[in-house]
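Undergrad: Here you go, one structure.
The values are calculated or read from the model by the stated rules, or taken from the named source; none is laboratory data. Since this is a predicted model, take the numbers as computed values, not measurements. Positions of Cβ are backbone-derived with ideal geometry, glycine not excepted, and every protein chain shown enters the neighbour counts.
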Amino acid sequence: MLILNMKELLIQYNAIRQHTENICMPLAREDYVVQPVMDVSPPKWHLGHSTWFFETFVLKPHFTAYTEFDSQYNFVFNSYYETIGARVIRTDRGNLSRPSVDDIYSYRQHVNDAMRTLLAGPLTKELTGIITLGLHHEQQHQELLYTDIKYILGHNPLFPAYSTTSVYQEPVVVNTRFLTIPAGIYEIGHQGKDFCFDNEQGRHKVYLGEYKIADQLVTNGEYLAFVKAGAYQDFRYWHAEGWDWVKKNDISGPLYWHLVGGRRMCYTYAGLQELDLSAPVCHISYYEAAAYAAWKGLRLPTEAEWEIASQQFKWGARWEWTNSAYLPYPGFTKAPGAVGEYNGKFMVNQMVLRGASVMTPEGHSRHTYRNFFHPQHQWQFTGIRLAE
Ligand code: AVJ
Ligand code: FE
């Protein structure tokens, strides 16, 4: 997303805020409320939290004419900002029958009205920066909304459809080839004036030995062979933590896979469907990605290998697990104040994912984008690219 001028910022604001609400359009009221597991937030919470972000970081500190919608909302919609204060614990987000969905839509309207007034006038560079961050933040929550909605509906025993028309276009994988990238000193990290998150900053040199990297993703069909080979019963392919995770949670394959009367089915936004064997595998944890690579006698690329090679292959269908821990780049600094909590404090015990997914909003991806999740998480649109 490139912000050209103030008018452009207002247009972007309107489009992005509207898109979030459009994602929720097919939901029943009851779907907005539930939190089936800790990591999945209720849709109504995403609607409130992404609004709270603008209220807290833009309107309250920078727009004197602003009147707070409801002083209790800070408690329910603050996600993790210690600087901002006390908040509802994450596991209790699903207990929020109040504020009602209607209240939250009114909250969105109230904040939108104020934001539009603010965006009609001149803005400082600092304010433009924080509003831009708010828009990228909302786009991150759009993808989380989609993945949380899928989890909520996909864990309902009735497997309700989110939509009967297709939500995204799936690539077909054929004739995967390995590209050879020569050894050398390369540079990674964000460059230029366009927006990036702070964790992409600190462009620096890396040395890469010669490596090979697949030009396409691992398919469902290929992953099914791994399942059928008994890999989920064979400790040899797994990290110790991964093997514990498999056993403790009785994992037998990707999230949303179901064996129904001997047929391989998969929960999709259209309900239960026949597993599409030529589509890239989806909803696998880092542990599974690494185990699959080990079973193939291969490995996952590092984030630097991914960034350099990604100029030469198509990407964007799946968030691709890399073999890199989520750590600060050299010279990384946290911004002062609450926004300094945005990314930096999560730089421990998580793995980097590169690329984007079919659910990533348009324009919300870059070669340098660093997504991150804990290694056991399956509920994002994750996939596997092999390296050697
Ligand atoms: C980058 C997707 C891991 O899910 O917490 C949302 C995105 N940051 N609000 C997350 C995010 C602040 C973040 N991930
Ligand atoms: Fe957030």
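Here's the yes/no breakdown for (1) crowded, with 18+ Cβ neighbours inside 10 Å; (2) at pLDDT 95 or above; (3) more than 16 Å from ligand 2 (Cβ to nearest atom):
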| residue | (1), (2), (3) |
| --- | --- |
| Leu47 | yes, yes, no |
| His62 | no, yes, yes |
| Ile89 | no, yes, no |
| Asp92 | no, yes, yes |
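Undergrad: Just the residues that are touching a residue at least 24 places away in the same chain (Cβ under 8 Å) and among the hydrophobic types (A, V, I, L, M, F, W, C), please, taken from segment 339-372.
TA: Val339, Phe346, Met347, Met351, Val352, Leu353, Ala356, Val358, Met359, Phe372
Undergrad: In the set His155, His136, which member is closer than 30 Å to Ala317 by Cα, within 16 Å of ligand 1 (Cβ to nearest atom) and in contact (Cβ under 8 Å) with a residue 24 or more places away in the chain?
TA: On the way: His155 fails: within 16 Å of ligand 1 (Cβ to nearest atom).
The unique qualifying residue is His136.
Undergrad: Still on this structure: Scan segment 173-190 and give yes if some residue there is within 16 Å of ligand 1 (Cβ to nearest atom), in a loop (DSSP other than H, G, I, E, B) and either of a type in the set (Phe, Trp, Tyr) or more than 30 Å from Asp70 (Cα to Cα) (or both), otherwise no.
TA: Looking through segment 173-190, at least one residue is within 16 Å of ligand 1 (Cβ to nearest atom), in a loop (DSSP other than H, G, I, E, B) and either of a type in the set (Phe, Trp, Tyr) or more than 30 Å from Asp70 (Cα to Cα) (or both).
Undergrad: Same structure, new question: Condition (residue is assigned by TED's automatic domain parsing to the domain that holds Ile131, more than 23 Å from the chain's Cα centre (by Cα), within 19 Å of Gly340 (Cβ to Cβ) and in contact (Cβ under 8 Å) with a residue 24 or more places away in the chain) applied to segment 78-93: is it met by at least one residue?
TA: Yes, segment 78-93 contains a residue that is assigned by TED's automatic domain parsing to the domain that holds Ile131, more than 23 Å from the chain's Cα centre (by Cα), within 19 Å of Gly340 (Cβ to Cβ) and in contact (Cβ under 8 Å) with a residue 24 or more places away in the chain.
Undergrad: Checking the structure you have, find out if any residue of segment 88-105 is closer than 17 Å to Glu138 by Cα, out of contact with any strand residue (DSSP E or B) (no Cβ under 6 Å at 6 or more places or on another chain) and not acidic (Asp, Glu).
TA: Going residue by residue through segment 88-105, those that are closer than 17 Å to Glu138 by Cα are 104-105.
This time we only want the ones that are out of contact with any strand residue (DSSP E or B) (no Cβ under 6 Å at 6 or more places or on another chain), so: 104-105.
Then drop every residue that is not not acidic (Asp, Glu), which leaves 104-105.
Yes, some residue in segment 88-105 is closer than 17 Å to Glu138 by Cα, out of contact with any strand residue (DSSP E or B) (no Cβ under 6 Å at 6 or more places or on another chain) and not acidic (Asp, Glu).
Undergrad: So Pro99 passes all but one of these: (1) surrounded by 16 or more Cβ atoms within 10 Å (Cβ to Cβ); (2) in a helix (DSSP H, G or I); (3) of a type outside the set (Lys, Arg). Which condition number does it fail?
TA: Unmet condition: (2).
Undergrad: Name the residues in segment 23-35 that are under 17 Å from Tyr269 (Cβ atoms) and within 18 Å of the chain's Cα centre (by Cα), would you?
TA: The answer is Ile23, Cys24.
Undergrad: Report yes if Ser79 is closer than 22 Å to His364 by Cα and in a loop (DSSP other than H, G, I, E, B), otherwise no.
TA: Details: closer than 22 Å to His364 by Cα: yes; in a loop (DSSP other than H, G, I, E, B): yes.
Judged against the criteria, Ser79 is a match.
Undergrad: Tell me which of these Pro330 doesn't satisfy, since it passes every other one: (1) surrounded by fewer than 22 Cβ atoms within 10 Å (Cβ to Cβ); (2) under 23 Å from Ala240 (Cα atoms).
TA: (2)
Undergrad: While we're on this one: Select, from Glu222, Glu170, the only residue that is under 28 Å from Tyr146 (Cα atoms) and in a loop (DSSP other than H, G, I, E, B).
TA: Of the residues listed, the single one that is under 28 Å from Tyr146 (Cα atoms) and in a loop (DSSP other than H, G, I, E, B) is Glu170.
Undergrad: With the structure loaded, tell me whether Ala291 is out of contact with any Ser or Thr (no Cβ under 7 Å at 6 or more places or on another chain), at pLDDT below 95 and among the aliphatic types (A, V, I, L, M) or whether it fails that test.
TA: Working: out of contact with any Ser or Thr (no Cβ under 7 Å at 6 or more places or on another chain): yes; at pLDDT below 95: no; among the aliphatic types (A, V, I, L, M): yes.
So Ala291 does not fit the description; no.
Undergrad: Then there's this: Please go through segment 270-286 and pick out each residue that is crowded, with 16+ Cβ neighbours inside 10 Å, small (Gly, Ala, Ser) and farther than 20 Å from Val246 by Cβ.
TA: If the condition is that a residue be crowded, with 16+ Cβ neighbours inside 10 Å, small (Gly, Ala, Ser) and farther than 20 Å from Val246 by Cβ, then Gly271, Ala279 are the ones that fit.
Undergrad: Give me a count of the residues in segment 236-265 that are under 18 Å from Arg299 (Cα atoms) and surrounded by fewer than 13 Cβ atoms within 10 Å (Cβ to Cβ). Lay out the reasoning, then the answer.
TA: Let us first name the residues in segment 236-265 that are under 18 Å from Arg299 (Cα atoms), namely 236-243.
Imposing the further condition that a residue be surrounded by fewer than 13 Cβ atoms within 10 Å (Cβ to Cβ) reduces the set to 236, 240-241.
The total comes to 3.
Undergrad: Failed condition for Tyr287, given (1) in contact (Cβ under 8 Å) with a residue 60 or more places away in the chain; (2) in contact with a strand residue (DSSP E or B) (Cβ under 7 Å, 6 or more places away or on another chain); (3) more than 27 Å from Tyr162 (Cα to Cα), with all others met?
TA: (2)
Undergrad: Quick check: anything in segment 36-56 within 19 Å of Asp92 (Cα to Cα), in the same structural domain as Gly129 (by TED's automatic domain parsing), over 20 Å from the mean Cα position of the chain (by Cα) and aromatic (Phe, Trp, Tyr)?
TA: No, there is no match, as no residue in segment 36-56 is within 19 Å of Asp92 (Cα to Cα), in the same structural domain as Gly129 (by TED's automatic domain parsing), over 20 Å from the mean Cα position of the chain (by Cα) and aromatic (Phe, Trp, Tyr).
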